[in-house]
Amino acid sequence: RPGRRPALRAVAAPETPAAPAAQHSLGVPALADLEELTVINEHGLVLPPIDDDVTASAFVIFDAQHRAQYLGFSKDLRNTLRTLLARRPELCYHYKCAHFGNVDNAVLLQARTAWVEELGKSPEGNRDQRQKGMWENPVDGGALNERAWRTVAEQKAKQIFRQLKDRGLKELFEFKDDLIAQGKVDVIPSKLDVETLVAQQQQLADNTRAVQVEVQGKMVDFEIFFVSDFETKGGWWVDVELSANKTKSTHRVIVGRDFAEAVGCMNPREIVTKAFAVLLARKVPRETEGMINSEVFPINYFTAGTLAATFPEFLELFGTSAASFDFERSQWGFKQIHDYGQDDKRTIPAGPMGGLFDPAALQYAGSDAGSDAAGACSDMLRRWSF
């Protein structure tokens, strides 16, 4: 349709026109004929499809079991969905919406009446006053006294954001500081324009791979999102988010240039992808805490060379074998030359995987990559906040 912003859709438009939806009087489409969309789309963004001439939207929010939870109206559906997602993350999974141009209250009231009739009753978030208040007001941090308002609210905001990241959210959610000071939590409306959102969505898509690979007769399926990677003379450091078996986990992998040359693959992302195919096929636990011994593979922070030495089938994915592989040459070694107990040496802020380090404190074995690493880290690491 003219004026449509197709790039905002979370899924591709159908190749053939869809049959027109059944409509109630005043042009309100039947709820049953509307497409159900996910609040967090496949790229990790809250990005509803909206025409340029839309002035208002009617919508119904559904939970993970596709049960209607809340019916509402909005003049800015993207920011309304972001707000409701942060307020009720446990119930805000899917939605159906109808958009209107130059709409008056009569049409919106007609939509509400017609949809309630279709549902058989008002959603619980509309008919139950307590639930309605939770949908329509900021989250209460739960502090017992005024002195704890900010501390508890900040903890609640971090908890909400972690919960949404676990569901695949990849856009930034910031929270209103004036409400935090009052012990409450509500998300700041996004001011990103359409072009920025589309570019961000494309970047996320480019950095995400859906993988299906066979390792020693076992088929492994997973999704890997490349959060960041940077290159030095010694190799690459790659931060990833792994989604498999309905669980997400974060990892940092070091790929030495000597290792890449030895296996004949100079694409660090390809090496990292195959590394996790082996680890998932082996069913290696994806979280390690505290001190670990030599019997536990350090899956959250490891080198490609260490993986090859531990699980030789990793090399087979590159057409080589452990018998002919030079493990000593292919390890990316480094040594510490500064005392990491000195806070003033920790010049790089924590990245998405955590960890504070001084690039100048690393000297890579057999190369002068230490100074290059400092520049690369400074240029490419980003500050991450909730």
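Once segment 302-317 is narrowed to residues that are outside any helix (DSSP H, G or I), in contact (Cβ under 8 Å) with a residue 40 or more places away in the chain and not aliphatic (A, V, I, L, M), the residue that is least open to solvent (accessible area, probe 1.4 Å) is Phe302. Residues in segment 189-222 that are within 26 Å of Glu313 (Cα to Cα), surrounded by 14 or more Cβ atoms within 10 Å (Cβ to Cβ) and in contact with an Asp or Glu (Cβ under 9 Å, 6 or more places away or on another chain): Thr208, Arg209, Val211, Val213, Val215, Val220. Go through the residues of segment 318-326 one by one and say whether even a single one is modelled with pLDDT under 65 and exposed (fewer than 12 other Cβ atoms within 10 Å of the Cβ). For segment 318-326, residues modelled with pLDDT under 65 and exposed (fewer than 12 other Cβ atoms within 10 Å of the Cβ): absent.
Quick check on my filter: what residues within segment 117-161 are hydrophobic (A, V, I, L, M, F, W, C), surrounded by fewer than 17 Cβ atoms within 10 Å (Cβ to Cβ) and touching a strand residue (DSSP E or B) at 6+ places or on another chain (Cβ under 7 Å)? The answer is Leu119, and nothing else.
The values are calculated or read from the model by the stated rules, or taken from the named source; none is laboratory data. This one's a predicted model, so the numbers in the text were calculated from it and none came from an experiment. Heads up, the Cβs are rebuilt from the backbone with ideal geometry, glycines too, and the neighbour counts pull from every protein chain shown. We work out accessible area using only protein heavy atoms, side chains counted, and drop any ligands, DNA or RNA first. Shrake-Rupley method; radii C 1.70, N 1.55, O 1.52, S 1.80 Å.
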